[in-house]
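**Student:** This is the structure, below, for whatever I ask next.
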Amino acid sequence: MASTDIDALETREWLESLDSVLEHDGPDRANFLLDRLAGRASRAGAHLPLGGQTPYVNTIPVSEEPPYPGDEALENRLSSLIRWNAMATVLQANKTSSELGGHIASYQSAATLYEVGFNHFWHAPSAEHGGDLVFFQGHSAPGMYARAFLEGRVTESQLRRFRQEVDDLGRFDGGGISSYPHPWLMPELWQFPTVSMGLGPIMAIYQARFMKYLQGRGIVDTSGRKVWAFLGDGETDEPESLGAIGLAGRERLDNLVFVVNCNLQRLDGPVRGNGKIIQELETIFRGAGWNVVKVVWGSRWDPLLAADHEGLLVQRMEEAVDGEYQVYKARDGAFVREHFFGAHPKLREMVAHMSDEEVWALNRGGHDPKKIYAAYAAAGAHTGQPTVILAKTIKGYGMGTAGEGQNITHQQKKMDETALLRWRDRFGLDLTDEQVHEAAFVKPADDTPEMSYLHERRRALGGGLPARRRTSKALEVPDLSAFGGQLTPTGEREISTTMAFVRILNTLLRDKTIGKHVVPIVPDESRTFGMEGMFRQFGIFSQVGQLYQPEDADQLMFYKEDKQGQVLQEGINEPGAFSSWIAAGTSYSNHDVPMIPFYIYYSMFGFQRVGDLAWAAGDSRTRGFLLGGTAGRTTLNGEGLQHEDGHSHILSSTIPNCVSYDPTYAHEVAVIVQDGLRRMLGDQEDVFYYLTLMNENYSHPGLTEGSEEGILKGMYLLRPGSEPKAGAPRVQLLGSGTILREVLAAADLLAEDFGVAADVWSVTSFTELRREGIDADRWNMLHPTEEARVPWVTSSLAGHEGPVIASTDYVRTFADGIRPFVDRPYRVLGTDGFGRSDFRRKLRRFFEVDRHYVAVAALKELADQGKVEPAVVKQAIEQYEIDTDRPAPFHV
Ligand SMILES: Cc1ncc(C[n+]2csc(CCOP(=O)(O)OP(=O)(O)O)c2C)c(N)n1
Ligand SMILES: [Mg+2]
């Protein structure tokens with residue numbers, strides 16, 4: 001960019017022309033002319049950096065600030081009380097030791113940003129308003145508790161139990177309050193888990209988009225409601241924070257407001273010591289199509305800026321980097337005079353009439369309710385774009401020597417008494433020294449002016465926030481018979497479990513009661529799963545419909561985008577699709593309408609890729625189905641190492657309310673999905689389901705009546721071996737997913753080649769079996785004199801003689817999980833190691849999970865028990881051409 005002025009006169013003329021346009025025709029006209037000029041210059045080859053940054057001052061000029069509607073004195077007092085109680089919450093928790101932790105500095109920097117929202121903007125659900133959704137910054141939680149305390153929604157004894165959620169007997173008794181926003185732990189307060197940085201912003205974006213979806217489909221009127229997301233400036237470095245802002249711009253999510261608290265610091269130090277985070281974010285958000293509102297300077301700067309005719313002050317503001325701005329606020333007025341204004345004699349002159357205290361009091365925009373109000377009001381009124389508010393604040397505001405603007409401030413959970421007394425005086429709170437010493441909680445009587453004001457404000461906005469709805473209306477779920485097609489044998493016809501699932505989904509989409517509540521979600525993978533038929537039948541949701549004639553318009557199943565489309569096609573964006581799934585799966589809570597999302601994706605790009613979102617889904621009490629397609633280490637055979645999933649079931653099993661299954665047959669899928677619907681939609685249980693599906697085609701045996709319970713509990717006898725002959729060896733073979741079919745083949749080999757009988761069990765869920773077993777085992781330990789509970793695994797195998805062998809398409813840990821409940825020798829085969837590409841048959845041999853290895857494993861167990869000679873095992877190894885000297889698959 002050219003920066004030297006080669007013709008000052010000409011420059012002035014241009015600027016004067018612009019001033020005249022602004023004066024006579026306003027900013028819109030000025031914008032129009034600049035746009036035309038830029039276009040002309042650009043076509044002539046001048047690459048102008050227009051559209052990026054604006055000067056380092058507030059976006060909203062003083063002349064356009066609306067009058068402040070609140071009572072500033074009362075709001076100030078309330079804000080000080082809340083600040084104090086937030087601080088006291090952390091101080092008290094850390095009085096005896098710092099084991100519990102907590103944060104003071106973040107909320108202190110953000111308090112005014114929150115208070116303006118609480119007093120003037122954020123609606124709770126009421127008869128008049130559906131309610132705004134606010135994603136609070138996780139580690140500012142003490143501030144939210146402190147406000148809820150004044151509102152009477154959190155008690156003093158709860159505040160005393162900040163981060164102490166378990167009683168002395170180890171019971172989770174609901175008497176404490178959680179460290180951060182966790183709907184799982186405080187299901188009537190917190191709505192959105194935000195503390196894992198980056199997840200709040202991306203979930204907020206997809207929440208806003210989902211609200212447009214609900215509106216577009218005529219399911220809920222979400223107009224007038226907004227999603228507000230609070231982010232730390234450091235948090236914007238997370239890819240999830242900014243990775244989906246393009247979608248928000250493209251989809252014109254004018255129901256979305258981001259507030260980035262730019263306190264210039266993160267945990268260790270400055271966010272952009274050598275630059276300016278506000279300016280950087282402005283460029284990025286503007287490029288993504290957002291309305292950017294900068295709130296840099298507070299009102300006390302207004303007279304100085306108004307007097308800055310030469311632009312020297314703004315120039316100096318732009319020159320200074322964030323590292324310097326941080327230092328200014330860690331020092332004092334004299335320092336600011338010397339180092340900021342002292343850079344130029346004219347600037348020094350500008351503040352010559354001000355005392356050091358007055359210079360020190362020059363405030364930042366994010367601590368000035370008037371400036372914040374103006375920004376929030378502008379965000380509220382803006383249409384056609386999401387808004388980001390970039391508010392400059394001070395980390396640890398008010399903490400003085402205990403942390404204000406200091407690099408150590410983030411982790412301060414103690415403040416010495418001098419700093420606290422100073423804090424009290426600075427915020428004008430009438431606390432006794434004793435109260436300060438105790439870090440006592442303070443709550444004025446309800447009939448005081450400030451408390452009346454607090455209650456009046458929230459009443460006017462519909463009640464307290466955050467508040468979470470636990471249940472919505474239950475839906476009537478179709479009977480299993482609705483999936484009749486999946487329950488009968490397919491005979492010669494070979495299908496995959498993915499195809500079976502797609503048929504089930506189609507049935508559900510057509511169901512009169514729950515059909516419209518179903519939300520199919522796909523990343524760019526519908527054709528992989530044979531779901532492209534849904535494009536035409538149910539439409540892909542688009543707020544603008546379809547502005548073009550699709551290439552395949554003449555086909556039966558063309559690519560149809562539609563304003564009322566039911567399918568969410570998310571593109572190649574698993575975190576985004578997952579966030580959509582969370583939004584839909586928590587609709588019962590946030591919108592009082594249960595929706596039932598089915599998100600289908602390559603299983604490798606699920607838990608492994610977006611595991612932290614899956615954890616947040618559990619915390620959020622999301623209800624819905626995750627379908628890990630093309631699952632297993634050897635079924636997506638040609639794709640190799642990065643695609644072949646042999647561990648998603650291990651990952652899913654770590655989420656306590658995720659119910660996972662690895663079904664082999666269509667009827668199993670049907671039974672599981674129907675029961676999941678019953679639990680989530682009918683009984684409103686806060687669980688979600690993970691099912692792995694395969695693309696391998698084979699024939700399906702259909703449902704044998706009576707096996708439903710076993711399918712749901714995790715195992716049932718699929719095929720008994722031949723009648724036991726006296727003394728003839730017998731084994732129990734377990735299998736899941738596609739490997740179950742290898743296990744069946746192994747049973748045949750054992751019978752034909754070695755006269756060994758084998759009962760074959762379909763294990764639909766090693767995970768559920770283990771959980772049930774652990775539960776029974778724990779109960780038995782704690783109730784030693786009562787009749788012992790018998791785990792499902794143990795009771796199922798009772799009466800079925802012989803060692804047990806399991807083989808799956810997952811790592812050994814998966815099937816190994818039930819070992820404590822198998823009351824006899826148990827050998828587990830699995831796909832430990834990196835995947836690679838080849839034919840399925842060869843890969844299963846490579847991983848040693850195929851029929852031959854199962855047979856050899858069974859014979860080895862029998863030999864160990866003395867039921868067959870070791871030579872028989874050797875004979876099988878030779879007969880099945882097993883290379884005994886090759887390295888194990890997990891070493892290569
Ligand atoms: C994914 C993730 N990584 C790290 C952390 C730990 N952490 C909590 S707060 C914080 C610093 C936050 O800085 P910023 O986003 O600027 O927020 P501020 O407290 O300054 O408002 C860090 C690193 C986290 N919570 N989540
Ligand atoms: Mg920060």
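The values are calculated or read from the model by the stated rules, or taken from the named source; none is laboratory data. All values reported here derive from a predicted model rather than from experimental measurement. Backbone-built Cβ (ideal geometry, glycine too); neighbour counts: all protein chains shown. These area figures cover heavy atoms from the full protein model, side chains too; ligands, DNA and RNA do not enter into them. Shrake-Rupley method; radii C 1.70, N 1.55, O 1.52, S 1.80 Å.
**Student:** How many of the residues in segment 96-128 are among the hydroxyl-bearing types (Ser, Thr, Tyr) and either assigned to a loop (DSSP other than H, G, I, E, B) or in contact with a Cys (Cβ under 6 Å, 6 or more places away or on another chain) (or both)? Write out each step before concluding.
**Tutor:** Step one: list which residues in segment 96-128 are among the hydroxyl-bearing types (Ser, Thr, Tyr), which gives 96-98, 106-107, 109, 112, 114, 126.
Filter once more, keeping what is either assigned to a loop (DSSP other than H, G, I, E, B) or in contact with a Cys (Cβ under 6 Å, 6 or more places away or on another chain) (or both): 96-98, 126.
Looking only at that region, the number is 4.
**Student:** Out of Val295, Val260, which single residue is out of contact with any Gly (no Cβ under 6 Å at 6 or more places or on another chain) and within 16 Å of ligand 1 (Cβ to nearest atom)? Can you show your working first?
**Tutor:** Details: Val295 fails: out of contact with any Gly (no Cβ under 6 Å at 6 or more places or on another chain).
One residue alone meets the criteria, Val260.
**Student:** Test each condition in (1) within 16 Å of ligand 1 (Cβ to nearest atom); (2) open to solvent by less than 10 Å² (accessible area, probe 1.4 Å); (3) more than 20 Å from the chain's Cα centre (by Cα); (4) not polar (S, T, N, Q) for Ala229 and report the one that comes out false.
**Tutor:** Going through (1) within 16 Å of ligand 1 (Cβ to nearest atom); (2) open to solvent by less than 10 Å² (accessible area, probe 1.4 Å); (3) more than 20 Å from the chain's Cα centre (by Cα); (4) not polar (S, T, N, Q) one by one, Ala229 breaks only (3).
**Student:** Here is a list: Ile205, Ile278, Ile284. Which entry is in contact (Cβ under 8 Å) with a residue 12 or more places away in the chain and within 13 Å of ligand 1 (Cβ to nearest atom)?
**Tutor:** Working: Ile205 fails: within 13 Å of ligand 1 (Cβ to nearest atom); Ile284 fails: within 13 Å of ligand 1 (Cβ to nearest atom).
Only one candidate passes the filter, namely Ile278.
**Student:** Given (1) more than 15 Å from ligand 1 (Cβ to nearest atom); (2) aliphatic (A, V, I, L, M); (3) under 22 Å from Met415 (Cα atoms); (4) touching a Ser or Thr at 6+ places or on another chain (Cβ under 9 Å), where does Leu78 come up short, assuming only one miss?
**Tutor:** (4) is the only condition that Leu78 fails.
**Student:** Which of the residues that make up segment 338-354 are within 13 Å of Leu313 (Cα to Cα) and surrounded by 17 or more Cβ atoms within 10 Å (Cβ to Cβ)?
**Tutor:** If the condition is that a residue be within 13 Å of Leu313 (Cα to Cα) and surrounded by 17 or more Cβ atoms within 10 Å (Cβ to Cβ), then Phe340, Phe341, Leu347, Met350, Val351 are the ones that fit.
**Student:** Among the candidates Gln642, Gln674, single out the residue that is in a helix (DSSP H, G or I), surrounded by fewer than 24 Cβ atoms within 10 Å (Cβ to Cβ) and either on the phi < 0 side of the Ramachandran plot or basic (Lys, Arg) (or both). Lay out the reasoning, then the answer.
**Tutor:** Working: Gln642 fails: in a helix (DSSP H, G or I).
Gln674 is the lone residue from the list that is in a helix (DSSP H, G or I), surrounded by fewer than 24 Cβ atoms within 10 Å (Cβ to Cβ) and either on the phi < 0 side of the Ramachandran plot or basic (Lys, Arg) (or both).
**Student:** Something else now. On the basis of being part of a strand (DSSP E or B), closer than 22 Å to Gln191 by Cα and not polar (S, T, N, Q), does Phe598 make the cut? It would help to see each step written out before you state the result.
**Tutor:** Details: part of a strand (DSSP E or B): yes; closer than 22 Å to Gln191 by Cα: yes; not polar (S, T, N, Q): yes.
Judged against the criteria, Phe598 is a match.
**Student:** Return yes when Ser196 is under 21 Å from the mean Cα position of the chain (by Cα), touching a residue at least 24 places away in the same chain (Cβ under 8 Å) and surrounded by fewer than 21 Cβ atoms within 10 Å (Cβ to Cβ) and no when it is not. Outline the logic, then answer.
**Tutor:** Details: under 21 Å from the mean Cα position of the chain (by Cα): yes; touching a residue at least 24 places away in the same chain (Cβ under 8 Å): yes; surrounded by fewer than 21 Cβ atoms within 10 Å (Cβ to Cβ): yes.
Yes: the conditions hold for Ser196.
**Student:** Within segment 767-786, is even one residue under 19 Å from Gly802 (Cβ atoms), among the small types (Gly, Ala, Ser), surrounded by 23 or more Cβ atoms within 10 Å (Cβ to Cβ) and in contact (Cβ under 8 Å) with a residue 12 or more places away in the chain?
**Tutor:** There is no residue in segment 767-786 that is under 19 Å from Gly802 (Cβ atoms), among the small types (Gly, Ala, Ser), surrounded by 23 or more Cβ atoms within 10 Å (Cβ to Cβ) and in contact (Cβ under 8 Å) with a residue 12 or more places away in the chain.
**Student:** Which of (1) open to solvent by 20 Å² or more (accessible area, probe 1.4 Å); (2) touching a residue at least 60 places away in the same chain (Cβ under 8 Å); (3) within 27 Å of Thr764 (Cβ to Cβ); (4) over 39 Å from the mean Cα position of the chain (by Cα) is the odd one out, the single condition Lys860 does not satisfy?
**Tutor:** Here Lys860 meets the rest and fails (2).
**Student:** Another question, then. Based on what the data block shows, is Arg741 part of a helix (DSSP H, G or I), open to solvent by less than 50 Å² (accessible area, probe 1.4 Å) and charged (D, E, K, R)?
**Tutor:** Criteria not met by Arg741.
**Student:** Here's another thing I want to ask about it. Take residues that are without any contact (Cβ under 8 Å) to a residue 24 or more places away in the chain and tell me which of the helices (runs of 4 or more DSSP H) falling wholly in segment 368-464 contain 2 or more.
**Tutor:** Working: elements: 369-381, 417-426, 433-438, 449-460.
Answer list for segment 368-464: 417-426, 433-438, 449-460.
**Student:** Something else about it: Go over the candidates Thr622, Thr635 one by one and state the one that is assigned to a loop (DSSP other than H, G, I, E, B), crowded, with 22+ Cβ neighbours inside 10 Å and modelled with pLDDT under 95.
**Tutor:** Values: Thr622 fails: modelled with pLDDT under 95.
Exactly one residue qualifies, and that residue is Thr635.
**Student:** While we're here: Could you please find all residues in segment 77-105 being crowded, with 24+ Cβ neighbours inside 10 Å and either within 16 Å of ligand 2 (Cβ to nearest atom) or without any contact (Cβ under 8 Å) to a residue 24 or more places away in the chain (or both)?
**Tutor:** Of everything in segment 77-105, those that are crowded, with 24+ Cβ neighbours inside 10 Å and either within 16 Å of ligand 2 (Cβ to nearest atom) or without any contact (Cβ under 8 Å) to a residue 24 or more places away in the chain (or both) turn out to be His103, Ile104, Ala105.
**Student:** Going through Ser699, Ser660, Ser653 one at a time, which residue ends up being at pLDDT 95 or above and open to solvent by less than 10 Å² (accessible area, probe 1.4 Å)? Spell out how you get there, then give the answer.
**Tutor:** Details: Ser699 fails: open to solvent by less than 10 Å² (accessible area, probe 1.4 Å); Ser653 fails: open to solvent by less than 10 Å² (accessible area, probe 1.4 Å).
One residue alone meets the criteria, Ser660.
**Student:** Scan segment 809-834 residue by residue and report those that are part of a helix (DSSP H, G or I) and open to solvent by 80 Å² or more (accessible area, probe 1.4 Å). Lay out the reasoning, then the answer.
**Tutor:** Filtering segment 809-834 down to residues part of a helix (DSSP H, G or I) leaves 812-816, 819-821.
Within segment 809-834, Thr813, Arg819, Pro820 qualify.
**Student:** Still on this model: If you go through segment 154-169 one residue at a time, do you hit one that is under 30 Å from Tyr68 (Cβ atoms) and either under 25 Å from the mean Cα position of the chain (by Cα) or touching a residue at least 60 places away in the same chain (Cβ under 8 Å) (or both)?
**Tutor:** Taking segment 154-169 first, the residues under 30 Å from Tyr68 (Cβ atoms) are 154.
Narrowing further to those that are either under 25 Å from the mean Cα position of the chain (by Cα) or touching a residue at least 60 places away in the same chain (Cβ under 8 Å) (or both): none.
No: segment 154-169 contains no residue that is under 30 Å from Tyr68 (Cβ atoms) and either under 25 Å from the mean Cα position of the chain (by Cα) or touching a residue at least 60 places away in the same chain (Cβ under 8 Å) (or both).
**Student:** If you go through segment 755-791 one residue at a time, how many are over 21 Å from Leu734 (Cβ atoms) and hydroxyl-bearing (Ser, Thr, Tyr)?
**Tutor:** Final tally of qualifying residues: 1.
**Student:** Mind checking which residues of segment 160-188 are crowded, with 23+ Cβ neighbours inside 10 Å and among the aliphatic types (A, V, I, L, M)?
**Tutor:** The answer is Ile177, and nothing else.
**Student:** Related question: What's the total number of residues in segment 487-543 that are among the acidic types (Asp, Glu) and either without any contact (Cβ under 8 Å) to a residue 40 or more places away in the chain or buried (at least 18 other Cβ atoms within 10 Å of the Cβ) (or both)? Even if it seems obvious, please write down each step before you answer.
**Tutor:** Residues of segment 487-543 that are among the acidic types (Asp, Glu), as a first pass: 492, 494, 511, 524-525, 532.
After this cut, where a residue has to be either without any contact (Cβ under 8 Å) to a residue 40 or more places away in the chain or buried (at least 18 other Cβ atoms within 10 Å of the Cβ) (or both) as well, the list is 511, 525, 532.
Adding up the residues that qualify gives 3.
**Student:** Could you say whether any residue in segment 556-578 is touching a residue at least 60 places away in the same chain (Cβ under 8 Å), in a helix (DSSP H, G or I) and open to solvent by 10 Å² or more (accessible area, probe 1.4 Å)?
**Tutor:** So far as segment 556-578 goes, yes, one or more of its residues are touching a residue at least 60 places away in the same chain (Cβ under 8 Å), in a helix (DSSP H, G or I) and open to solvent by 10 Å² or more (accessible area, probe 1.4 Å).
**Student:** Quick one: which of Ala148, Ala124 is of a type in the set (A, V, I, L, M), away from ligand 2 (no atom under 16 Å from the Cβ) and in contact with a Gly (Cβ under 6 Å, 6 or more places away or on another chain)?
**Tutor:** Ala124
**Student:** Further, regarding this structure: What's the total number of residues in segment 419-443 that are open to solvent by 80 Å² or more (accessible area, probe 1.4 Å) and under 16 Å from Gly403 (Cβ atoms)?
**Tutor:** If we filter segment 419-443 for residues that are open to solvent by 80 Å² or more (accessible area, probe 1.4 Å), which is where we start, we get 422, 425-426, 430, 433-434, 437-438, 443.
Within this subset, residues satisfying the condition of being under 16 Å from Gly403 (Cβ atoms) are 422, 426.
Selection size over segment 419-443: 2.
**Student:** Kindly establish whether Ala806 is among the aliphatic types (A, V, I, L, M) and either assigned to a helix (DSSP H, G or I) or without any contact (Cβ under 8 Å) to a residue 12 or more places away in the chain (or both).
**Tutor:** No; evaluated as a whole, the condition is false for this residue.
**Student:** Still on this structure, I have one more. Need the failing condition index for Ala93 against (1) touching a strand residue (DSSP E or B) at 6+ places or on another chain (Cβ under 6 Å); (2) closer than 19 Å to Gln158 by Cβ; (3) within 16 Å of ligand 1 (Cβ to nearest atom), just the number.
**Tutor:** The one condition Ala93 does not meet is (3).
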